[in-house]
Amino acid sequence: MKITLHAGTHKTGTTSFQAALRRNAGRLREAGIAVLVTPPQAHAGHPGKFDPAWLRGRADAARKDGMERLVLSHEVISTFSAEELSRLLDALGPGEIRYVAAFRHWVSFLPSRWKQSCRRRDGQSFQRFLARLDAIAPEHHPFDFATVPARARAAGIADLHLLSWEGDGAGPDGLLGPLWRACGLPETGM
């Protein structure tokens, strides 16, 4: 069975993509594709949530049911260290691994992230938001996107599909179509 990890990076249509996976789970299953969308048990960076036995059970059930592909989509995958990714892969068991992540240029990412932060918390000026980001030590920076593919490679993943928000055929729905295709999902009925 092939395994696709969708590492939902910030502000790249992850929520829309995951909603489409949920909406189409039955049709995908009929096509031989099992989906796991944001299960807390996959959070290899959080000892209280990570449950390798649960993950192995889901992956083994998909194999037993004859699924050709398992797609695991979770925002936290893009934040995993190489060691945490390795733990996740060990829990999922054998299979060809594809790693899919999308990125957005800073020019469009930062204003979007600032707007989201203002909705979630007290408003702050864009300049204050940028100053606070600039004060974060590089090794702890939450938006150091260059490390995302580097950590995947360090975990032994060779099949990387890295998409650009600005390119890759993104249309009015953002990256939904390109993400769908990169994850190896059938085109019809998205």
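The values are calculated or read from the model by the stated rules, or taken from the named source; none is laboratory data. Bear in mind that the values here come from a model prediction, so they are computed numbers and not experimental data. Side chains included, ligands, DNA and RNA excluded: accessible areas come from the protein's heavy atoms. Shrake-Rupley method; radii C 1.70, N 1.55, O 1.52, S 1.80 Å.
Summarising the amide proton neighbourhood of Ser164: residues at separation of 5 or more, or on other chains, whose placed amide H is nearer than 5 Å comprise Phe103. Rolling a 1.4 Å probe over the heavy atoms of the protein chains gives segment 4-96 an accessible area of 44 Å² per residue.
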